[in-house]
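Trainee: Before we start, here is the structure in question, set down as structure tokens.
Rule-based calculations on the coordinates, nothing more; no lab input. On a predicted model such as this, the values are computed, not experimentally measured, just so you know. A quick note on method: Cβ atoms are made from the backbone with ideal geometry, for glycine too, and the neighbour counts reach across all protein chains shown.
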Amino acid sequence: MSSDLQWLLIRKYNSFMVKKVPEGPVFSREAGNLPNLHSYKYSGLANAKTIAVTDTGSNIQLSYSKKGASPNAVKPAKATYSIRSRSGPRRSLGAAAKLSKRGYRPDLRPVLLARVSALSATKKEPKSWPAKKPRGKKAKAATA
């Protein structure tokens with residue numbers, strides 16, 4: 001079945017659609033939909049080539065369908081690439097960009113980099129700052 005026909009069948013009704021506001025944007029929770037917008041371009045169900053970014057707790061995992069894999073198979077062949085959280089944001093963005101630079105859905109590159117950047121920012125450990133010292137009246141009250 002072609003991807004256009006699949007989109008015509010699932011565009012109005014599917015279990016992944018999220019309609020929060022009646023006249024607002026329609027979101028989607030399907031795997032492989034990077035910006036979570038309900039549209040043909042980003043659909044993980046209708047497109048044969050999709051890139052899914054998931055957070056596995058310790059890693060960021062990119063999964064995409066392999067070259068030559070049949071899109072009509074029940075469970076198509078997928079390749080996964082894990083990015084360690086400690087490798088840093090520059091290396092993780094480079095690994096994600098490499099996939100789209102090779103010609104695998106180059107139109108998804110900005111959205112893919114935004115998603116990986118957001119996930120790597122959540123993995124960043126917050127800095128520990130020293131405790132604030134009381135000054136002025138509070139310092140005098142603490143010593144007295």
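Trainee: Tell me what the chain gives for mean residue ellipticity at 222 nm when only DSSP H runs of n ≥ 4 count, each as -39,500 (n - 2.57), the sum divided by the residue total, rounded to 500 deg cm²/dmol.
Mentor: -9000 deg cm²/dmol
Trainee: For the chain, modelled as a GNM with alpha-carbon contacts under 10 angstrom, which of Lys132, Lys101, Lys49 fluctuates the most?
Mentor: In this elastic network of the chain, the residue with the biggest mean-square fluctuation among Lys132, Lys101, Lys49 is Lys132.
Trainee: Could the peptides 5-17, 26-38 be put in order, highest first, of the mean number of other beta-carbon atoms found within 10 Å of their residues?
Mentor: 26-38, 5-17
Trainee: Another question, if that's okay. Using amide H atoms built 1.01 Å from N in the peptide plane, name the residues 5+ places from Asn33, or on other chains, whose amide H lies under 5 Å from its own.
Mentor: Gly44
Trainee: Hey, another quick one. Under DSSP H, which helices of the chain have Cα atoms covering 20 Å or more of the helix axis and a Kyte-Doolittle average no less than -0.5?
Mentor: 109-123
Trainee: Now a separate question. Over 21 Å between Cα atoms, which of Lys101/Lys123; Lys12/Lys67; Lys12/Lys41 qualify?
Mentor: Going by Cα-Cα distance, Lys101/Lys123; Lys12/Lys67 fall outside the 21 Å limit.
Trainee: To continue, here is another question. For q values of 0.22, 0.27 Å⁻¹, compute log₁₀ I(q)/I(0) with the Debye formula on a Cα-only model of region 49-123, without solvent.
Mentor: Taken in order of the listed q values, log10 I(q)/I(0) reads -0.95, -1.28.
Trainee: Test of understanding: express the Cα radius of gyration of the chain as a ratio to 2.2 N^0.38 Å, with N the residue count.
Mentor: This ratio for the chain stands at 1.50.
Trainee: Only Cα pairs within less than 10 Å get springs; with that Gaussian network setup on the chain, which residue of Ala96, Ala131, Ala114 has the largest fluctuation?
Mentor: Greatest mean-square fluctuation among the candidates belongs to Ala131.
Trainee: Separate question: Check cross-link reach from Lys124 to the aspartates and glutamates: straight Cα distance under 18 Å, and skip same-chain residues fewer than eight apart.
Mentor: Asp55
Trainee: On the principal axes of its Cα set, how long, how wide and how thick is region 1-47? Give whole Å, largest value first.
Mentor: Reported extents, whole Å, longest axis first: 32, 19, 16.
Trainee: Return a whole-number percent for the relative contact order of the chain, with Cα pairs under 8 Å and 6 or more residues apart as the contact set.
Mentor: Across the chain, relative contact order equals 15 percent.
Trainee: If you stretched the chain out fully between Ser2 and Met17, how much longer would it get, using 0.36 nm times the residue separation minus the C-alpha to C-alpha distance?
Mentor: Working it through step by step, the gained length comes to 3.3 nm.
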